[in-house]
Amino acid sequence: AAESNGLRLEMPSAAQLDSVLEGHGVSDDSWVVLIPASGYFTPTTRAVLTLEYAGLAGKVSVLDGGLEAWTAAGKPVTTTVPPPSRGRLTVRLNRALIVDASYLAQRLDTPGMTIVDARDTSFYRGAETRQGRNGHIPGAVNLPFSTMTTADGRFKDITALQSMFQQAGVPGGNRVVTYCHIGQQASLLWFVATLAGYDAVLYDGSFQDWAGRPELPVAERP
């Protein structure tokens, strides 16, 4: 993760992605499987987004249920960490996965697009803040990231996810723009929105960026 213009967790540069991913053995023909653990899903989905941003769309998977599902199924684990062989990756940035404040500010009332706030409801409603201003982006609906998984650490099935999006006010077929505090929780919403069949993108600066721009409006109630 990189910092840019005072914002946390911004997408790394192509050069940084190339260096880090190749150093971990990722190549153009790699299939990358990401494994969450201890119910901590958002770093995993942020990694999915980053890998797809680097040009590996269709070559990244998440182990549903994570490490706990693997061990519950009696699969082997090890503490050995083999050194990876260096990969050969051609980074092709998929910039279409990411939008910025300017993009949203010009499209707050655009038909066919829904902004989805992935933060807990208390932040959405303005009862709490982490970014100096209370509330949410005008027109955004709220679908907390923590509601996307089951008690046993698996993603809810596609039918349930589709129903949740529709009940939150996201019509089928709409483009979905997800955001949160800094872009990590929203990556989980981005991931499940794509599973549910939506054309989804992420506002990488998220509310940290939006709230830091005093010329942009903030709503305190739905």
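The values are calculated or read from the model by the stated rules, or taken from the named source; none is laboratory data. Small disclaimer: the values here were computed from a predicted structure and weren't measured. Positions of Cβ are generated from backbone atoms using ideal geometry, with glycine treated the same way; all protein chains shown enter the neighbour counts. To get the accessible areas, we keep the full protein, side chains included, count just its heavy atoms, and leave off ligands, DNA and RNA. Shrake-Rupley method; radii C 1.70, N 1.55, O 1.52, S 1.80 Å.
Taking the range 154-163 as the range and being within 17 Å of the chain's Cα centre (by Cα) and open to solvent by less than 50 Å² (accessible area, probe 1.4 Å) as the test, the residues that pass are PHE155, LEU161.
Regarding the range 85-93, can at least one residue be identified that is open to solvent by less than 30 Å² (accessible area, probe 1.4 Å) and of a type in the set (Val, Ile, Thr)? Talk me through it step by step, then tell me what you get.
Our first condition is that a residue be open to solvent by less than 30 Å² (accessible area, probe 1.4 Å); within the range 85-93, this holds for 87, 89.
When the remaining residues are screened for being of a type in the set (Val, Ile, Thr), the result is none.
Scanning the range 85-93 turns up no residue that is open to solvent by less than 30 Å² (accessible area, probe 1.4 Å) and of a type in the set (Val, Ile, Thr).
Among the residues of the range 43-80, those that are open to solvent by less than 70 Å² (accessible area, probe 1.4 Å), out of contact with any Lys or Arg (no Cβ under 7 Å at 6 or more places or on another chain) and in a loop (DSSP other than H, G, I, E, B) comprise ALA57, LEU63, ALA73, GLY74.
Out of ALA186, ALA151, which single residue is at negative phi and part of a loop (DSSP other than H, G, I, E, B)? Before the answer, list the steps.
Working: ALA186 fails: part of a loop (DSSP other than H, G, I, E, B).
Of ALA186, ALA151, the one residue that is at negative phi and part of a loop (DSSP other than H, G, I, E, B) is ALA151.
Please determine whether any residue of the range 191-201 is within 27 Å of ALA69 (Cβ to Cβ), touching a residue at least 40 places away in the same chain (Cβ under 8 Å) and open to solvent by 10 Å² or more (accessible area, probe 1.4 Å). Yes, the range 191-201 has at least one match. In the condition set (1) open to solvent by 10 Å² or more (accessible area, probe 1.4 Å); (2) under 24 Å from PRO111 (Cα atoms); (3) not charged (D, E, K, R), GLN185 is compliant with all but (2). Among the conditions (1) open to solvent by 50 Å² or more (accessible area, probe 1.4 Å); (2) modelled with pLDDT of 95 or more, the only one that ARG133 does not satisfy is (2).
Scanning the range 33-52 for residues that are β-branched (Val, Ile, Thr), closer than 20 Å to ALA96 by Cβ and either at pLDDT below 95 or in contact with a strand residue (DSSP E or B) (Cβ under 7 Å, 6 or more places away or on another chain) (or both) returns a single hit, VAL48. Residues of the range 95-124 that are assigned to a loop (DSSP other than H, G, I, E, B) and exposed (fewer than 14 other Cβ atoms within 10 Å of the Cβ): ASP100, GLN106, ASP109, PRO111, GLY112.
The set of residues in the range 1-34 that are surrounded by 15 or more Cβ atoms within 10 Å (Cβ to Cβ) and β-branched (Val, Ile, Thr) comprises VAL26, VAL32. The residue list VAL60, VAL116, VAL91 contains one member that is touching a Gly at 6+ places or on another chain (Cβ under 7 Å) and β-branched (Val, Ile, Thr), which is VAL91. Applying the set (1) without any contact (Cβ under 8 Å) to a residue 40 or more places away in the chain; (2) outside any loop (DSSP other than H, G, I, E, B); (3) not aromatic (Phe, Trp, Tyr) to GLU215 leaves exactly one unmet item: (2).
Evaluate the following for ALA127: is it under 21 Å from PRO222 (Cβ atoms), part of a loop (DSSP other than H, G, I, E, B), of a type in the set (A, V, I, L, M) and open to solvent by 60 Å² or more (accessible area, probe 1.4 Å)?
Answer is yes for this residue.
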